[in-house]
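**Student:** Take this structure, written in structure tokens, and hold onto it; I'll ask about it next.
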Amino acid sequence: MDFTIKTMAEYAAEGKSPEVLFWVGCAGSFDDRAKKITKAFCKILSKIGVEFAVLGQEESCTGDPAKRAGNEFVFQMMAMTNIEVLNAYEVKKIVTACPHCFNTLKNEYPSLGGNFDVIHHTQFLKQLMEEGRLKIEGGAFKGKKITFHDPCYLGRANGEYEAPRMLLEKLDAELVEMKRCKTNGLCCGAGGAQMFKEPEKGDKDINIERTEEALSTEPKIIATGCPFCNTMLTDGVKHFNKNTEVEVKDIVELLAEAEDL
């Protein structure tokens, strides 16, 4: 990328603090597909002049998969290490592109001493749009059918349904809803640490069921707001041999494309 992303340590060395800390998360840091989401988000923030920082080497997993898999001890150990780092930098506002990180930082860290203003990247971009700092011209998507899959930890766990849809509407696309959406949404199959294990015996994998629903709307693009959902739905689209016809993209990637970043 043609710009440098500063760390909290670099800001601290200058005696400054950024507007927001971008919590990248494990997927956004290490998964090749999710890295593209990270880059798209950083490009947008950089273009509109939002001062943000990352923790870099000081960031560790939030502990969400350990907690969901039932290992509370490992979760608390990881959480308290992260809280120590965040409090040392006096972090106030955190934005993340992963609903799992979002939910854990927002709802499970306060009881361990980590009190931060935590928002999902779609909520942050909506805020920036409402403040007039982010302007989206979505002509490139005019008339294209997009269906949005609600991530469980953004939607049903935290009640956020409007921010992602508002951003998608700015793209001039035709937003089509799946039968099960919003409060009635269906999981992609990766939540609860299921992402890291083989599926149990059954008739049909959850991601195949969900992808079937998405494809029934005949979209050009399946939009997601979570790296786990992205992986599961991409696998589903490949299962149906539709990967040349239907793209699975994070909302922030669509916004970056609209702005030609």
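The values are calculated or read from the model by the stated rules, or taken from the named source; none is laboratory data. Just so we're clear, the structure is a prediction, and the values are computed from it rather than from any experiment. Positions of Cβ are backbone-derived with ideal geometry, glycine not excepted, and every protein chain shown enters the neighbour counts. Protein only, heavy atoms only, side chains kept; ligands, DNA and RNA dropped before computing areas. Shrake-Rupley method; radii C 1.70, N 1.55, O 1.52, S 1.80 Å.
**Student:** Whole percent per 5 Å bin, from 0 to the bin with the longest distance: what is P(r) over all C-alpha pairs of region 8-129?
**Tutor:** That works out to 2, 11, 22, 25, 21, 13, 5, 1, 0, in percent per bin.
**Student:** Further question on the same structure: In whole Hz, what ³J(HN,Hα) sequence does region 232-241 give by Karplus (6.51, -1.76, 1.60; θ = phi - 60°), x for Gly and Pro?
**Tutor:** Calculated HN-Hα couplings, in order: 5, 6, 4, 4, x, 5, 5, 4, 8, 6 Hz.
**Student:** Could you tell me which trypsin sites (Lys or Arg not before Pro) in region 199-261 are loop residues by DSSP with no more than 12 other beta carbons within 10 angstrom of their beta carbon? Don't skip to the answer; put the middle values down first.
**Tutor:** Details: sites: Lys201, Lys204, Arg210, Lys220, Lys238, Lys242, Lys249; in loops: Lys201, Lys204, Lys220, Lys242.
When the trypsin sites (Lys or Arg not before Pro) of region 199-261 are filtered for loop state and at most 12 Cβ neighbours within 10 Å, Lys201, Lys204 remain.
**Student:** Can you compute 3J(HN,Hα) from phi for each residue in region 177-188, using the Karplus curve 6.51 cos²θ - 1.76 cosθ + 1.60 with θ = phi - 60°, rounded to whole Hz and x for Gly and Pro?
**Tutor:** Here the 3J(HN,Hα) series is 8, 6, 4, 9, 9, 6, 5, 9, x, 10, 4, 6 Hz.
**Student:** Under the Cβ-under-4.7 Å rule, which cysteines of the chain stay unpaired?
**Tutor:** Cys26, Cys42, Cys61, Cys152, Cys181, Cys187
**Student:** Mind putting together the pair-distance distribution for the chain? All Cα pairs, 10 Å bins, whole percent per bin, short to long.
**Tutor:** With 10 Å bins starting at 0, P(r) equals 7, 31, 36, 20, 6, 0.
**Student:** Where Rh is the Kirkwood radius over the Cα pairs of region 83-123, the temperature 25 °C and the viscosity 0.890 mPa s, what D in µm²/s does Stokes-Einstein return?
**Tutor:** Rounded to a whole number, D works out at 240 µm²/s.
**Student:** Just want to confirm a number: the relative contact order over region 102-261, from Cα pairs under 8 angstrom separated by 6+ residues, in percent.
**Tutor:** Across region 102-261, relative contact order equals 25 percent.
**Student:** Next question. Report, in debye and to the nearest 20, how large the dipole of region 136-259 comes out about its Cα centre when Lys and Arg carry +1 and Asp and Glu carry -1 on their Cβ.
**Tutor:** It works out to roughly 220 debye.
**Student:** Here's another thing I want to ask about it. How large is the helix-only mean residue ellipticity at 222 nm for the chain, computed as the sum of -39500 (n - 2.57) over DSSP H runs with n ≥ 4, divided by its residue count, in deg cm²/dmol to the nearest 500?
**Tutor:** On the way: 11 runs with 104 residues, N = 261.
Taken over the chain, the calculation gives -11500 deg cm²/dmol.
**Student:** For Glu174, what residues show an amide H to amide H distance below 5 Å, using hydrogens built from the backbone and excluding near sequence neighbours?
**Tutor:** Gly143, Lys144, Lys145, Ile146
**Student:** Next up: From a point 7 Å beyond the Cα of Lys16 in the direction of its Cβ, which residues of region 49-69 have a backbone N at a distance under 14 Å?
**Tutor:** Counting only backbone N, you get 49-54.
**Student:** Taking square-rooted eigenvalues a ≥ b ≥ c of the alpha carbon gyration tensor, is region 131-199 rounded, prolate or oblate, where a/c under 1.5 means rounded and, failing that, a/b exceeding b/c means prolate?
**Tutor:** On the way: a/c = 2.25, a/b = 1.86, b/c = 1.21.
It comes out prolate by the Cα gyration axes.
**Student:** When the dipole is taken about the Cα centre of the chain, and only Lys, Arg (+1) and Asp, Glu (-1) are charged at their Cβ, what size is it in debye, to the nearest 20? List each step's numbers first, then the result.
**Tutor:** Details: 33 positive and 41 negative charges, 62 e Å.
Taking the Cα centre of the chain as origin, the dipole is about 300 debye.
**Student:** Which one, Tyr109, Gln127, Ser60, projects farthest toward the positive side of the charge dipole computed for the chain from Cβ point charges (K/R +1, D/E -1)?
**Tutor:** It is Gln127, whose Cα lies furthest towards the positive end.
**Student:** Give me the net charge for the shell around Lys39: Cβ to Cβ below 15 angstrom, other residues only, Lys and Arg +1, Asp and Glu -1.
**Tutor:** Values: positive: Arg33, Lys35, Lys36, Lys43, Lys47, Lys249; negative: Asp2, Asp31, Asp32, Asp250, Glu253, Glu257, Glu259, Asp260.
Residues near Lys39 contribute -2 overall.
**Student:** Moving to a separate point now. Convert each backbone phi in region 78-95 into a coupling constant with the Karplus relation 6.51 cos²θ - 1.76 cosθ + 1.60 (shift: θ = phi - 60°), then list the ³J(HN,Hα) values in order as whole Hz, x for Gly and Pro.
**Tutor:** Going residue by residue, I get 5, 4, 5, 5, 5, 4, 4, 5, 5, 5, 4, 8, 6, 5, 10, 10, 10, 10 Hz, with x marking Gly and Pro.
**Student:** Also, quick follow-up: Where the accessible area of the chain is counted over protein heavy atoms with a 1.4 Å probe, how much of it, in %, is carbon and sulfur?
**Tutor:** Within the chain, the accessible surface is 48 percent carbon and sulfur.
**Student:** Next up: So what is the accessible area of the chain per residue, in Å², with the probe set to 1.4 Å?
**Tutor:** 47 Å²
**Student:** When the dipole is taken about the Cα centre of region 4-142, and only Lys, Arg (+1) and Asp, Glu (-1) are charged at their Cβ, what size is it in debye, to the nearest 20?
**Tutor:** In debye, rounded to 20, region 4-142 gives about 640.
**Student:** Can you give the FRET efficiency for Met80 and Lys238, using 1/(1 + (r/R0)^6), R0 = 41 Å, r = Cβ-Cβ distance, to the nearest 0.05?
**Tutor:** On the way: r = 40 Å, r/R0 = 0.96.
After rounding, the FRET efficiency stands at 0.55.
**Student:** Please work out whether region 174-261 counts as rounded, prolate or oblate from its C-alpha gyration tensor, where a ≥ b ≥ c are the square roots of the eigenvalues and a/c under 1.5 means rounded, while otherwise a/b larger than b/c means prolate and anything else oblate?
**Tutor:** Here region 174-261 falls in the prolate category.
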